[in-house]
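In what follows, a single structure is set out as structure tokens and then discussed.
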Amino acid sequence: MQFEIIVTDVTHMKRGEVCVAGWCPAEMRMIRPLRAGGQFWRKEDIGPHLFEMGNVVALPGPFRDGVRTFPHASEDVVLVEPPRLVRSIPLRELSAALSPSLSLSVADIFGRPLEGRKFIPVGTECRSLGAIDTNAKRLSFEEKETEDGPKLRCWFYDESNVSYNFAVSSRLLRQAWQDGGLAALEALRAGHRRAHVRIGLAGDLEDHCYAMVNGILFH
């Protein structure tokens, strides 16, 4: 048995690790592959190009159960064998390929509204990953000054006309921001009408799983 996923979420973690997730068309659900031991991926494990947005990656079985609690247990799959690149979907075709993964609103992703429009309590039996599609003109980026330096955030409205302001964990968006500032992110948005926004819940922080922007596909 094996799963094939379309890589959708590649996010920066502490200690230089990478968290990866993707849409599994056969299962009609999101899967978060973890390396043996239930750990996130290191650069030496995956090389520079295996987990890129739009890559179709084979996850060979057998699989082990994850060790994390809900909501992350909904998607965690622990691999025994290494993943393998199958092919890449061109970016111009990606939004259509991922359209079955979309929810109508942020609340619809998790089956309930976010508390304070920010988080889901640890232990809630719901999904921890999903996506919405929204008007690209109703989305923007900003920098927030913190004790640890500036942090990238994204505000947007979903199709229920509810506004959100989430931290950005997307590896690609963070790299573009670090290289070219907010202007580089606005350049990505320019000329596009819609934004496919990948949303995920971060790990346990004081019993809260905060929502973050795991990726954006402008189209």
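The values are calculated or read from the model by the stated rules, or taken from the named source; none is laboratory data. Because the structure is a prediction, the values reported are computed rather than measured. Note that each Cβ is placed from the backbone with ideal geometry, even for glycine, and that neighbours are counted across all protein chains shown.
Odds and ends about this structure:
- Subset of segment 159-174 [among the small types (G, A, S) and part of a strand (DSSP E or B)]: S163, A167, S170
- Any chance S95 is within 18 Å of S170 (Cα to Cα) and polar (S, T, N, Q): yes
- Test: residue in segment 63-70 that is surrounded by 15 or more Cβ atoms within 10 Å (Cβ to Cβ), under 16 Å from the mean Cα position of the chain (by Cα) and charged (D, E, K, R): no
- All of (1) part of a helix (DSSP H, G or I); (2) touching a residue at least 60 places away in the same chain (Cβ under 8 Å) hold for D108 with one exception: (2).
- Only listed residue being aliphatic (A, V, I, L, M) and buried (at least 19 other Cβ atoms within 10 Å of the Cβ), chosen from A190, A184, A176: A176
- Within segment 40-54, the set of residues being modelled with pLDDT of 85 or more and within 20 Å of V78 (Cβ to Cβ) comprises F40, W41, R42, L50, F51.
- E143 being surrounded by fewer than 19 Cβ atoms within 10 Å (Cβ to Cβ), touching a residue at least 12 places away in the same chain (Cβ under 8 Å), of a type outside the set (V, I, T) and in a helix (DSSP H, G or I): no
- Qualifying residue in segment 119-129 (condition: hydroxyl-bearing (S, T, Y), under 25 Å from K14 (Cα atoms) and at pLDDT below 95): no
- In the condition set (1) within 14 Å of G200 (Cα to Cα); (2) touching a Gly at 6+ places or on another chain (Cβ under 8 Å), E75 is compliant with all but (2).
- Restricting segment 171-219 to residues that are among the basic types (K, R) and under 22 Å from H72 (Cα atoms) leaves a set whose member that is modelled with the lowest pLDDT is R171.
- Residue within segment 8-16 that is at pLDDT below 90, out of contact with any Asp or Glu (no Cβ under 9 Å at 6 or more places or on another chain), in a strand (DSSP E or B) and under 18 Å from A167 (Cβ atoms) present: yes
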